[in-house]
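Below: the structure, in structure tokens.
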Amino acid sequence: MKDLNELVSTEDQDFFHTYKRLKVVIERGEGCYLYTDKGEKILDMFGGLAVNVLGYNHPKINSAIEEQVKRYIHISNLFYQEKQIAFADKILQLTGFSKVFFSNSGTESVEAAIKLIRKFFLGSNKKTLISFTGSFHGRTIGALSLTARKKYRDQFEPLMPGVKHLEFNSLSDLEHHIDDNTAGVFVECIQGEGGVNIASNEFIAKINELKEKFGFIVVADEIQSGVGRTGKMHGFEHFGLDADIVALAKGIGGGLPLGAILGNDRVKDVFTVGEHGSTFGGNPVAAACGLVIYTELENGLMERVNQLGNYLMEMLNEMKAKFPDKIKDVRGKGLMIGIELNSPGQPFVEMMMQKSVLVNCTNDNVIRLLPPYVIEENDIDAFIERFSDCLLN
Ligand SMILES: Cc1ncc(COP(=O)(O)O)c(C=O)c1O
């Protein structure tokens, strides 16, 4: 294997500079730990950005992949694909939605939802799409137009017209800007990139009320907060959002690229043959992994998320009480947690890395935790101990 210096210089030469990489070489992963080429064992509290819900080297994921690879890796969506269909059936059975379309990523799921809304309201006055400050919905032009955070969009104007960004959690903004021209409302009930910001129950109730009045389509962006991450199948279930479409990705394929939209009865017949599609969408190997993930969710994995999420939250609240000058807020649900600091978060990310723990910082001062669901209480204890040490510095 090439050493770190060689990788850094080759990457620097070869790649568009879109990523800031961590200066370690990962050799393998096991459970919620990553192992470097130097034999260092890193506790992963970030889970590949909410993707590796069953951690690394999970036997059920490995055998699902192996089994499917031996049959076929890809045959195209011209065929009925057994694993894809079995997975679709499982996800609909567990979520209660009526139809699924498989994509490869979150941004593509959001694009599919935008297209569905356009078609649904074709020929009517309903053209405006609404999203909220602090939101992140993806980076393709349609999804990026919904993404409100300036740092992601400012350099890429002009984006798609007809999108309004309203203040997250502002009831009066909803009342003033949503009207008969509103076609769709995209909402992350728990904003991920925005800093693990939680919608108020009143805000979601107002969206439901306005939906009743104006008839727009509600899209729950569950790309980060779905797949059991918050202790319920979808984050919006904590708030009672009346979602017509759910956008999914990240954890849905257990580590392989996969995304999906789920639709209720209202939208189930919108797309007809040829109107939307994807060469790779619903790849059979990824679908086989998805089937493993949702079978695990069905068989108690979500209870584990709740139990460990409660434990982590309890520990963090104790830490907050101990360091009130350092920690401003601790919030989240299940295993999607943000620790808002009174100072920039990046130095803490680096200090934690020195202590062999991977955490992430988002929105400048929020340490975001998205660990694999296979994390154990003693791993959480180790995280808390090392984070407390950093706060003492
Ligand atoms: C809430 C949300 N929506 C959409 C996306 C875009 O997903 P992807 O990076 O798979 O395109 C993300 C990614 O972080 C996300 O967190």
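Note down all Cβ pairs under 6 Å where the first residue falls in region 141-156 and is farther than 10 Å from residue 114 by Cβ, the second is part of a helix (DSSP H, G or I) and within 11 Å of the ligand (Cβ to nearest atom), and they're at least six residues apart or on different chains.
Pairs found: 153/144.
Looking at the structure I just gave you, is residue 64 away from the ligand (no atom under 16 Å from the Cβ) and closer than 30 Å to residue 272 by Cβ? Explain how you work it out, then say what you get.
On the way: away from the ligand (no atom under 16 Å from the Cβ): yes; closer than 30 Å to residue 272 by Cβ: no.
No; evaluated as a whole, the condition is false for this residue.
Looking only at region 139-161, decide whether some residue is small (Gly, Ala, Ser) and either on the phi > 0 side of the Ramachandran plot or more than 16 Å from the ligand (Cβ to nearest atom) (or both). Break it down into steps so the answer makes sense when it comes.
Taking region 139-161 first, the residues small (Gly, Ala, Ser) are 142-143, 145, 148.
Among the residues that remain, those that are also either on the phi > 0 side of the Ramachandran plot or more than 16 Å from the ligand (Cβ to nearest atom) (or both) are: none.
No.
I need every pair where a residue in region 108-126 that is without any contact (Cβ under 8 Å) to a residue 24 or more places away in the chain and under 18 Å from residue 214 (Cβ atoms) has its Cβ under 7 Å from the Cβ of a residue that is hydrophobic (A, V, I, L, M, F, W, C) and not in a helix (DSSP H, G or I), sequence separation at least 6 or different chains.
As it stands, the answer is none, since no pair meets every condition given.
Have a look at 34, 54, 22, 4 and point out the one that is farther than 30 Å from residue 262 by Cα, surrounded by 20 or more Cβ atoms within 10 Å (Cβ to Cβ) and either over 23 Å from the mean Cα position of the chain (by Cα) or away from the ligand (no atom under 16 Å from the Cβ) (or both). I'd like the intermediate steps shown before the answer.
Values: 54 fails: farther than 30 Å from residue 262 by Cα; 22 fails: surrounded by 20 or more Cβ atoms within 10 Å (Cβ to Cβ); 4 fails: surrounded by 20 or more Cβ atoms within 10 Å (Cβ to Cβ).
Among 34, 54, 22, 4, only 34 is farther than 30 Å from residue 262 by Cα, surrounded by 20 or more Cβ atoms within 10 Å (Cβ to Cβ) and either over 23 Å from the mean Cα position of the chain (by Cα) or away from the ligand (no atom under 16 Å from the Cβ) (or both).
Within the bounds of region 324-334, is there any residue that is within 27 Å of residue 255 (Cα to Cα), over 20 Å from the mean Cα position of the chain (by Cα), of a type in the set (Asp, Glu) and at pLDDT 95 or above? Quick ask: steps written out before the conclusion?
Going residue by residue through region 324-334, those that are within 27 Å of residue 255 (Cα to Cα) are 331-334.
Narrowing the set further to residues that are over 20 Å from the mean Cα position of the chain (by Cα) leaves none.
No, that holds for no residue.
Only one residue in 302, 352, 315 is out of contact with any helix residue (DSSP H, G or I) (no Cβ under 8 Å at 6 or more places or on another chain), buried (at least 16 other Cβ atoms within 10 Å of the Cβ) and among the aliphatic types (A, V, I, L, M), so which one is that? Steps first, answer last, please.
Working: 352 fails: out of contact with any helix residue (DSSP H, G or I) (no Cβ under 8 Å at 6 or more places or on another chain); 315 fails: out of contact with any helix residue (DSSP H, G or I) (no Cβ under 8 Å at 6 or more places or on another chain).
Step by step, each of 302, 352, 315 is checked, and only 302 is out of contact with any helix residue (DSSP H, G or I) (no Cβ under 8 Å at 6 or more places or on another chain), buried (at least 16 other Cβ atoms within 10 Å of the Cβ) and among the aliphatic types (A, V, I, L, M).
Restricting to region 104-159, and then to whatever is basic (Lys, Arg) and not in a helix (DSSP H, G or I), can you tell me which residue is nearest to the chain's Cα centre (by Cα)? Steps first, answer last, please.
Applying the first criterion (basic (Lys, Arg)) to region 104-159 yields 115, 118-119, 126-127, 139, 149-151, 153.
Next, only the ones that are not in a helix (DSSP H, G or I) stay: 126-127, 139, 149.
Working: 126: 28, 127: 26, 139: 14, 149: 16 Å.
The extreme case among them is 139.
Regarding region 179-201, can at least one residue be identified that is modelled with pLDDT of 95 or more and in a helix (DSSP H, G or I)?
Filtering region 179-201 for residues modelled with pLDDT of 95 or more gives 179-201.
Next cut, in a helix (DSSP H, G or I) only: 201.
For region 179-201, residues modelled with pLDDT of 95 or more and in a helix (DSSP H, G or I): present.
Please determine whether any residue of region 166-184 is of a type in the set (Phe, Trp, Tyr), on the phi < 0 side of the Ramachandran plot and within 14 Å of the ligand (Cβ to nearest atom).
Kept after step one, since they are of a type in the set (Phe, Trp, Tyr), are these residues of region 166-184: 168.
Retained after the next criterion (residues that are on the phi < 0 side of the Ramachandran plot): 168.
Now restrict to residues that are within 14 Å of the ligand (Cβ to nearest atom): 168.
Within region 166-184, one or more residues are of a type in the set (Phe, Trp, Tyr), on the phi < 0 side of the Ramachandran plot and within 14 Å of the ligand (Cβ to nearest atom).
Hey, which of the strands (runs of 3 or more DSSP E) in region 283-368, taking only ones fully inside, have at least 1 residues that are in contact (Cβ under 8 Å) with a residue 40 or more places away in the chain, under 22 Å from residue 29 (Cα atoms) and not basic (Lys, Arg)? Explain how you work it out, then say what you get.
On the way: elements: 327-333, 336-341, 360-362.
The qualifying strands (runs of 3 or more DSSP E) are 336-341, 360-362.
Here's the yes/no breakdown for (1) over 17 Å from residue 332 (Cβ atoms); (2) not aliphatic (A, V, I, L, M):
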site	(1), (2)
202	yes, yes
205	yes, no
209	yes, yes
212	yes, yes
223	no, no
238	no, yes
243	yes, no
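Do we find a residue being more than 12 Å from the ligand (Cβ to nearest atom), surrounded by fewer than 24 Cβ atoms within 10 Å (Cβ to Cβ) and at positive phi anywhere in region 206-213?
There is no residue in region 206-213 that is more than 12 Å from the ligand (Cβ to nearest atom), surrounded by fewer than 24 Cβ atoms within 10 Å (Cβ to Cβ) and at positive phi.
Report, by residue number, each residue of region 228-249 that is of a type in the set (A, V, I, L, M) and either within 12 Å of the ligand (Cβ to nearest atom) or not in a loop (DSSP other than H, G, I, E, B) (or both). Talk me through it step by step, then tell me what you get.
Narrowing region 228-249 to residues of a type in the set (A, V, I, L, M): 233, 241, 243, 245-249.
Hits for region 228-249 are 245, 246, 247, 248, 249.
Mind checking which residues of region 214-227 are within 16 Å of the ligand (Cβ to nearest atom) and of a type outside the set (A, V, I, L, M)?
Of the residues in region 214-227, the ones within 16 Å of the ligand (Cβ to nearest atom) are 218-227.
If the condition is that a residue be within 16 Å of the ligand (Cβ to nearest atom) and of a type outside the set (A, V, I, L, M), then 221, 222, 224, 225, 226 are the ones that fit.
Filter region 250-272 down to the residues that are part of a loop (DSSP other than H, G, I, E, B) and touching a residue at least 40 places away in the same chain (Cβ under 8 Å) and list them by number.
Looking only at region 250-272, we keep the residues that are part of a loop (DSSP other than H, G, I, E, B), and these are 255, 257-258, 264, 268-272.
Those that are part of a loop (DSSP other than H, G, I, E, B) and touching a residue at least 40 places away in the same chain (Cβ under 8 Å): 255, 257, 258, 264, 268, 270, 271.
The values are calculated or read from the model by the stated rules, or taken from the named source; none is laboratory data. Since the model is a prediction, treat every value here as computed from it, not as a measurement. Cβ sites come from the backbone with ideal geometry, for glycine too, and all protein chains shown count toward neighbours.
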